[in-house]
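Undergrad: Structure incoming, see below.
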Amino acid sequence: MKNVEINFSGLTRQFEGLNGRHPGLWPIAPKALLLSGVVAALVAAGWFAYWSGLNEELESAQAQEQTLKDEYTQKVAKAVNLDDLRRQKVLAEQYVGVLEKQLPSRAEMDALLSDINQAGVGRGATLQLFRPGSVELKKHYAELPIAVKVVGGFHDLASFSSDLANLPRIVTLNNITIEHKNGGNLEMSATAKTFRYLDKDEIAGQAAGGKK
């Protein structure tokens, strides 16, 4: 016990008076303790860096996994709806085809104007005004407004409007006003609009205008 007490006392004395002295001049015991602390700190720092790197890799992998899951879900949804989208595309193309057949060419416009004129005359109504306006060119078609004024009974005007709607070409009535006239008749003023294809020169002119 005496030897142990002496050795312990000697170790204790080695830690006295270290302040201000270079570690290289320290006794063996303080040097050993300092070295152990440095090694432990280095090991801890390395261990922390190792696990930090693993954690970052794990988070990156998890984020990538979620991205892949989202992409997969979107692709599956598109694949499921693909047949429906194809059917809708076919139906839309068919509908556009039907509408296009109702658009006359420039050469057919005179015949259409004659049909509109006859729609009023053939129903016993009096067509007091039939004045085609200026053609307005749109992106894919031309629009022709026609100022019309028809006088007749209620059923005459209704039949005139119905005949226009039943023409094989598209004709619409806009800006309709109706007034009472003498003798119980009605006077309907409106702008009838019909539409036609653009001819080659008009298409070329629009294309040239778009390039400016």
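Undergrad: So which residues in the stretch 129-147 are among the small types (Gly, Ala, Ser) and either touching a Pro at 6+ places or on another chain (Cβ under 7 Å) or not in a strand (DSSP E or B) (or both)?
TA: If the condition is that a residue be among the small types (Gly, Ala, Ser) and either touching a Pro at 6+ places or on another chain (Cβ under 7 Å) or not in a strand (DSSP E or B) (or both), then Gly133, Ser134 are the ones that fit.
Undergrad: So is Val98 out of contact with any helix residue (DSSP H, G or I) (no Cβ under 8 Å at 6 or more places or on another chain), closer than 30 Å to Arg169 by Cβ and at pLDDT 75 or above or not? Steps first, please.
TA: Numbers: out of contact with any helix residue (DSSP H, G or I) (no Cβ under 8 Å at 6 or more places or on another chain): yes; closer than 30 Å to Arg169 by Cβ: yes; at pLDDT 75 or above: no.
So Val98 does not fit the description; no.
Undergrad: Out of Gly153, Gly133, report the one residue that is more than 36 Å from the chain's Cα centre (by Cα) and farther than 14 Å from Met109 by Cα. It would help to see each step written out before you state the result.
TA: Values: Gly133 fails: farther than 14 Å from Met109 by Cα.
On inspection, the qualifying residue turns out to be Gly153.
Undergrad: Being assigned to a helix (DSSP H, G or I) and at pLDDT 65 or above is the filter; apply it to the stretch 101-116 and report the residue that is farthest from the chain's Cα centre (by Cα).
TA: This residue is Ser114.
Undergrad: So which pairs qualify, if the first residue must be in the stretch 123-149 and surrounded by 13 or more Cβ atoms within 10 Å (Cβ to Cβ), the second must be of a type in the set (Ser, Thr, Tyr) and not in a strand (DSSP E or B), the Cβ gap must be under 6 Å, and the two must be at least 6 apart or on different chains?
TA: Final answer for the pair search is Arg123/Ser159.
Undergrad: Could you tell me whether the stretch 182-190 includes any residue that is in contact (Cβ under 8 Å) with a residue 60 or more places away in the chain and surrounded by 17 or more Cβ atoms within 10 Å (Cβ to Cβ)?
TA: no
Undergrad: Among (1) modelled with pLDDT of 80 or more; (2) within 19 Å of Ile116 (Cα to Cα); (3) more than 34 Å from the chain's Cα centre (by Cα); (4) not charged (D, E, K, R), there is one condition Asn174 misses while meeting the rest; what is its number?
TA: Going through (1) modelled with pLDDT of 80 or more; (2) within 19 Å of Ile116 (Cα to Cα); (3) more than 34 Å from the chain's Cα centre (by Cα); (4) not charged (D, E, K, R) one by one, Asn174 breaks only (3).
Undergrad: Do we find that Ala119 is over 17 Å from Thr172 (Cα atoms), aliphatic (A, V, I, L, M), assigned by TED's automatic domain parsing to the domain that holds Arg196 and at pLDDT 70 or above in this structure?
TA: It is false that Ala119 is over 17 Å from Thr172 (Cα atoms), aliphatic (A, V, I, L, M), assigned by TED's automatic domain parsing to the domain that holds Arg196 and at pLDDT 70 or above.
Undergrad: When you scan the stretch 153-172, do you find a residue that is free of Cβ contacts under 8 Å to residues at least 40 places away in the same chain and either in a strand (DSSP E or B) or aromatic (Phe, Trp, Tyr) (or both), even just one?
TA: There is at least one residue in the stretch 153-172 that is free of Cβ contacts under 8 Å to residues at least 40 places away in the same chain and either in a strand (DSSP E or B) or aromatic (Phe, Trp, Tyr) (or both).
The values are calculated or read from the model by the stated rules, or taken from the named source; none is laboratory data. This is a predicted model, so every value here is computed, not measured. Glycine also receives a Cβ, built like all others from the backbone with ideal geometry; neighbour counts cover every protein chain displayed.
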